[in-house]
Amino acid sequence: MEPGRAGRLLLLLLLPALGAAALGEFDPYRVLGVGRSSSQADIKKAYKRLAREWHPDKNKDPGAEDKFIQISKAYEILSNEEKRANFDRYGDAGESQGFAQQHHRQFHRFHDGFYFDESFFHFPFNSERRDTSDEKYLLHFSHYINEIVPDSFKKPYLIKITSDWCFSCIHIEPVWKEVAQELEALGAGIGVVHAGYERRLAHHLGAHSTPTLLGLINGKITFFHNAVVRENLRQFVENLLPGNLVEKITDKNYIHFLSDWKKDNKPHVLLFDHMPVVPLLYKLTAFAYRDYLSFGYVYVGLRGTEELSSQYNINVYTPTMMIFKEHIDRPADVVQAREMKKQLIDDFLSQNKFLMVARLTNQRLFQELCPVKKSHRQRKHCVVLLTGEGEKFAEAYEAFLTFAVANTKDTLRFVHIYSDRQPEFAEALLMDEEKYRGRSAVVILERRNNAGKIAYKALEEAWQGSKEDNFILLDLLDQLRTDPGLLSWETVVADLNDELAPMFLVRWFYSTLDYISDCWDSLFHSNWREMMPLLSLLFSALFILFGTVIVQAFSDSSDTRDSPPSGKEETAAKMEKNDASFSKESNRIPKKGFVEVTELTDINYTSNLVRLRPGHMNVVLILSNSTKTPLLQKFALEVYTFTGSSSLHFSFLSLDKHREWLEYLLEFAQDAAPIPNQYDKHFLERDYTGYVLALNGHKKYFCLFKPHRSGDEGGTLGLCEDYDALQHTEARGKPSCSPGSRSIKNKLHKLSFWMERLLEGSLQRFYIPSWPALD
């Protein structure tokens, strides 16, 4: 055999092995733990078992979410015969080309022994060939909702929406990589959304094309509309931050700035640097710590900062950060470095987040300064000064501050509180209020739980700051170190009032400004696809309005004007007008005199649920053969007023036939159904009758109504609701009331209120990967 022909034959033999090695990353059979010859029943059984085990709502393992996604993806492939056949043949389900299939298509035989490989040009169109630096930034929907959005209140996020076969995505890749690394080092968050795999998240973010860049801060999304260059992206992230984070400090205002610690109840931070503008690193830091610290910036090269630099002996050639607490004449802590790094600043600020004797102004601050003890070694005691405002209490406060500075320890926190602003807290700790009226008191306490229970001991005499008071307090703290039982008194305190919360009118004003700003930004920066629904609605309303006016203005009403209507005609006109107004006010008038409820079976399952039109929902009642008649009667009465809506369909499902389908659905609802245990004999006896599911077949989610459990059914014996009695009277000629029927009907009590919330869209939604087969 010729050497060339032998080499080509060897290459053909090696291609399948190379393909298997290339995509050995994901094997749906291995994920579900089934063999390649397994039946659909075995695959479904394995999927249900693994889905219950790895569901993120029931499994708190950090990798549970990724594992659940893999399980769902594996089941999606193996439950579809076409995808399963593609995977068995090519090693890929057909969504993206497998390695073997790629090489089968890439190599074309033009002549005997001649092949052409398109990979020679190295076009990086799909995700396998693109730079993998984005992998650590990839976002999933649940990760974005549960972690990224809450974290956006601490730092802004720059998010990129990309996809495969995107030419523009390739062009911005070098700039994006450089800016992402730079901003991440400064403290900003970075995220990447692959629109091909995370369509739900991309739609949630409002991204209709790729690439799309957007910013996220305080849960609010802002789109980037400029050229993708480094300077524009940095400026975009900087513009996301509030404008009042850092105050410019000079010789004229530094005393006023540092003296605001008492009003703000925060330490104040000054950064001295020779840059004319505030560095982005410092702004991002100020945003992250804005709840704990106030920030100021001093440009040492500016005329008018000489006195400030001389006062604190600043080296103008080295960036310096100082933190001031109760004393503004000297800093409480200082750090200097030629290059201020984020880690250095975080370590410095995290150790100085609170004043030496912070004032308890809200419950959050109380929980942070005086945490609940977790173990004997982690005990932390709070020494609380209950005092008042004004010069009358100044001497006692200064003495307490001096004592705190001299006795600061890791296990002790010194705080103070204004008794007149937190009266409930003071009353719970001071038994004899008359004894301390107009005077300060000191209490040592330890929080026992988050419900407000504390153990404490108060000084017997009022705190005046004398040497004797200092000795007594110091002696108690020494005893407490060896005898935790010294705190012999216990009480429960209510949550503290938020003293610094803005008034309602102020919050309403700022909310209105944010809303106007969002509308303005959407009007001038949104693309036509985003604006089309709004413009369509606006022009439709204008057309209807002006069309009605024009028709009324030019309508021929001469006959009506010439001959005045008679009394009967006038009365009839008024009645027609009243009927018209009633029809406008009634937005859900039933079109029929009965409720059409069909049984959900395997015959109509696809048309009534799986392929239900977008915007339509099927409201399904769960019943059994023994409860069918009373439940259907009550269900019809509860939903009758909603039958005028063309988007609602009503069905019932037999629990005796389809219990397994229902239990599978309820597994995706938090705490809606327990995880079945094969050793639990009573699990199959669980009563689901009276459950109501609102199923959205298009978007693959459902809402759940749990039956109303009546606490006292004995008191209803012999009684009937008027409407039920009337129905029985009309049907049988005499009133009838069955206690068993009454208790079953009570399961659907308040179902009409649940239907109102369903139409409002305020019910919790439970999403599923795909609708299971009913059989």
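The values are calculated or read from the model by the stated rules, or taken from the named source; none is laboratory data. Since we're looking at a predicted model, the values are computed, not measured. Positions of Cβ are backbone-derived with ideal geometry, glycine not excepted, and every protein chain shown enters the neighbour counts. Ligands, DNA and RNA are excluded from the accessible area calculation, which covers all protein heavy atoms including side chains. Shrake-Rupley method; radii C 1.70, N 1.55, O 1.52, S 1.80 Å.
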task: Mind counting the residues in region 209-229 that are out of contact with any strand residue (DSSP E or B) (no Cβ under 8 Å at 6 or more places or on another chain) and either under 15 Å from VAL149 (Cβ atoms) or surrounded by 15 or more Cβ atoms within 10 Å (Cβ to Cβ) (or both)?
output: 3
query: Checking GLN678 against (1) open to solvent by 50 Å² or more (accessible area, probe 1.4 Å); (2) outside any loop (DSSP other than H, G, I, E, B); (3) at pLDDT below 50, which single condition isn't satisfied?
result: (2)
- prompt: If you go through region 27-73, how many residues are open to solvent by 60 Å² or more (accessible area, probe 1.4 Å), of a type in the set (Gly, Ala, Ser) and at negative phi?
  reply: 2
- request: Check region 64-81 and report whether any residue there is modelled with pLDDT under 85 and farther than 22 Å from LEU665 by Cα.
  value: yes
query: Do we find a residue being modelled with pLDDT under 95, part of a strand (DSSP E or B), open to solvent by 70 Å² or more (accessible area, probe 1.4 Å) and touching a strand residue (DSSP E or B) at 6+ places or on another chain (Cβ under 7 Å) anywhere in region 128-151?
result: yes
query: Among (1) open to solvent by less than 50 Å² (accessible area, probe 1.4 Å); (2) among the hydrophobic types (A, V, I, L, M, F, W, C); (3) modelled with pLDDT of 65 or more, which single condition is ALA100 missing?
result: (3)
field: Number of positions in region 320-342 that are of a type in the set (D, E, K, R), closer than 21 Å to LYS266 by Cα and part of a loop (DSSP other than H, G, I, E, B)
entry: 4
- line: (1) loosely packed, with under 15 Cβ neighbours inside 10 Å; (2) assigned to a loop (DSSP other than H, G, I, E, B) all hold for ARG364 apart from (2)
query: So which pairs qualify, if the first residue must be in region 614-639 and under 26 Å from TYR701 (Cβ atoms), the second must be assigned to a loop (DSSP other than H, G, I, E, B) and small (Gly, Ala, Ser), the Cβ gap must be under 6 Å, and the two must be at least 6 apart or on different chains?
result: GLY615/SER647; HIS616/SER647
task: State all residues of region 426-450 that are in contact with a helix residue (DSSP H, G or I) (Cβ under 9 Å, 6 or more places away or on another chain), of a type outside the set (Ser, Thr, Tyr) and outside any strand (DSSP E or B); if no residue qualifies, say none.
output: ALA426, GLU427, LEU430, GLU433, GLY438, ARG439, ASN450
- prompt: Among the listed residues LEU695, LEU704, which satisfies the condition of being open to solvent by 10 Å² or more (accessible area, probe 1.4 Å), modelled with pLDDT of 65 or more and part of a strand (DSSP E or B)?
  reply: LEU704
- prompt: TRP771 versus (1) at pLDDT below 65; (2) in a loop (DSSP other than H, G, I, E, B); (3) among the aromatic types (Phe, Trp, Tyr): which is the lone unmet condition?
  reply: (1)
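Yes or no, residue by residue, for (1) crowded, with 18+ Cβ neighbours inside 10 Å; (2) under 27 Å from PHE236 (Cβ atoms); (3) in contact with an Asp or Glu (Cβ under 6 Å, 6 or more places away or on another chain):
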| position | (1), (2), (3) |
| --- | --- |
| HIS256 | no, no, no |
| PRO279 | no, yes, no |
| LEU293 | yes, yes, no |
| VAL300 | yes, no, no |
| GLY304 | no, no, yes |
| LEU308 | yes, no, yes |
| ASN315 | no, no, no |
| VAL334 | no, no, no |
query: Does region 596-613 hold any residues that are open to solvent by 30 Å² or more (accessible area, probe 1.4 Å) and touching a strand residue (DSSP E or B) at 6+ places or on another chain (Cβ under 8 Å), and which are they?
result: GLU596, VAL597, THR598, GLU599, ASN604, ASN608
